[in-house]
Amino acid sequence: MEVKLYNSLTRKIEVFKPIKDGQVSMYVCGPTVYDYPHIGNMRPVVVFDTLRRFFEYIGYKVTYVSNFTDIDDKIINRALKENKSEKEISSFFIDEFKKEIHDIGSKDPDITPKVSEYIPQIINYIDALVKKGAAYDFDGDVYFKVNYNQDYGILSNIDIDDLISGARVEASTKKENPLDFALWKSTDQGIQFDSPWSKGRPGWHTECCVMIDSIFPNNGLIDIHGGGYDLKFPHHENEIAQAEAMHGHHLANYWMHNNFININNEKMSKSLGNVFLAKDLINQYGGTTVRMVLLNAPYRQPINFTEQTINAAKTELNKIRNVYKQLASTLQINYVKLNNTGYKIDNNYMDKFLFALSQDLNIPNALSVLFDLMKKANVTLRDSSLNINQLQLYFYTMKDMLNILGLNIEYPILDSDDIVLYLNYLAAKEERNFALSDCIRNKLSEKGIL
Ligand SMILES: [Zn+2]
């Protein structure tokens, strides 16, 4: 199946061609673990999890890596403030992040490296850049020379001279060029490591390059590098600059960036006081509802978190649950055993669903295929000549679609008593004995069957 992705590097929709046939190597920049994740941190978690599930479903072997930045000024400051070690702070928030990944229906990446586990590799990498002349040591700090490459600014499409003259860059006497960025910082505060330059710690931009180099083959060239829009500059631009100096490639063939989350039509920011923590939204609305809100917009467009979009997501999920439950129950009272493997699906709907996802991961279009299928399933459920074969196809197609979207929706498993109860319910309805049918309906709904 041909997959098209928007490549931020070329600013074009391109046909995805993997480095190795049938395989996808994918790296997504993870969080700096110094605080509870806000809802914006969950968008890449959902977008790239869905992309991974889609690739896996169409037969690719995906290696998905996402890091934890567990060495950073923010972590050091919090550790000092709370009189704890950096490790205590980072471990706590790594566990918290992992919990929320699961709550929102995402799978763990295959590998979740931490910066603290890659210090020797980072030092070697920086050393190699210095030896190539792409980086220089000034008083124990090491900086990357942005002028080393011809095309610095290629990803964010910015003009270096504009940036410098725009005074957005702090002037520093230590740097040859104000845009040169730190690979190693000498420090006497917080956690520090020995290096050829000073006791210190690595800068943020190097860790992803080093982890990609260490984990993936091909001299650190991967298929897809992902992250939020806000990482394009300087973080991803600087990753590309280092990979280019080191290996002469752009680190990834496809760069993908998800857009932001707005709260009530406003950009989420600390100064506006509207930063929503993921855990609070998940506790209030449930992880599946939060995921549904995130799925309801194309990943390159902003998402608005409002009471309205949350309610819309809840309504959609209720519709999905109802049809899914009815299909599962109807099949079971007709003595169809529901299987987890070896089932058939409705290829007509699934092809349309996968096509939508193959067009730069168009999840809203894929969702409308799911809703079309549900309409059809509803009609078939009400048809007097109950077509069990067709209902099975719908049920299993829904099951696969929900799995690709990461929507964790359960269906009831009926035992023999439940089946009798359900049949009695249908009979009472048929006889228009509504007192009885209502009474049984309550029992069935208590059991989560209706
Ligand atoms: Zn990164």
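Here, each number is a calculation from the coordinates, and none is a lab measurement. Because the structure is predicted, anything quoted here is derived from the model rather than measured. Cβ atoms come from the backbone with ideal geometry, glycine included; neighbour counts cover every protein chain shown.
Taking other C-beta atoms within 10 angstrom as a stand-in for reagent exposure, V275, V47 fall in the order V275, V47, fewest first. Stretching K199 away from N362 to a fully extended chain increases their span by 53.9 nm, per 0.36 nm per residue minus the current alpha-carbon distance. Does the chain come out rounded, prolate or oblate by the C-alpha gyration tensor, with a ≥ b ≥ c the root eigenvalues, rounded set by a/c under 1.5 and, if not, prolate when a/b is larger than b/c and oblate if not? Here the chain falls in the prolate category. Rounded to the nearest 5, the antiparallel percentage of DSSP beta bridges internal to the chain is 45%.
In terms of surrounding Cβ atoms within a 10 Å radius of their Cβ, I388, I94, I71, I261 rank from fewest to most as I388, I94, I261, I71. Among beta bridges from DSSP that stay inside segment 4-258, the antiparallel ones total about 45%. Put the Cα centre of segment 292-343 next to the Cα centre of segment 50-72 and the gap is 23 Å. The distance between label points at S269 and T341 comes to 5.3 nm (points 7 Å beyond Cα on the Cα→Cβ vector).
Amide H to amide H distances under 5 Å link I303 with F260, I261, N262, where only residues 5 or more positions off or on other chains count and H is placed in the peptide plane.
If you take the Cα centroid of segment 197-212 and the Cα centroid of segment 399-440, the two points sit 56 Å apart. Listed values for segment 214-219 are Karplus-derived 3J(HN,Hα) couplings in whole Hz (6.51 cos²θ - 1.76 cosθ + 1.60, θ = phi - 60°), namely 6, 8, 9, x, 6, 6, and x replaces Gly and Pro.
How charged is the neighbourhood of N147? Take every other residue with its Cβ under 13 Å from the Cβ of N147, and add Lys/Arg as +1 and Asp/Glu as -1. Cβ neighbours under 13 Å give a net charge of -3. Amide H contacts of H38 (H built 1.01 Å from N, in plane; Pro and chain starts excluded): A278 sit under 5 Å, all sequence-distant by 5 or more or on other chains. Within segment 1-88, antiparallel bridges make up roughly 35 percent of the DSSP beta bridges whose residues both belong there. Here the residues E100, E88, E431, ranked from fewest to most Cβ neighbours within 10 Å of their Cβ, fall in the order E431, E88, E100.
In this simple spin-label approximation, K314 and Y285 carry label points 7 Å from Cα along the Cα→Cβ vector, and these lie 1.0 nm apart. Near L450, the amide H atoms lying under 5 Å from its own belong to S445; only residues 5 or more places off or on other chains count, and H is placed 1.01 Å from N.
Dipole check for segment 183-230: with +1 at the C-beta of Lys and Arg, -1 at the C-beta of Asp and Glu, and the Cα centre as origin, the magnitude is about 180 Debye.
Which is farthest toward the positive dipole end of the chain among Y349, S195, H225, measuring Cα position about the Cα centre, with Cβ charges +1 (Lys, Arg) and -1 (Asp, Glu)? Of the listed residues, the answer is Y349.
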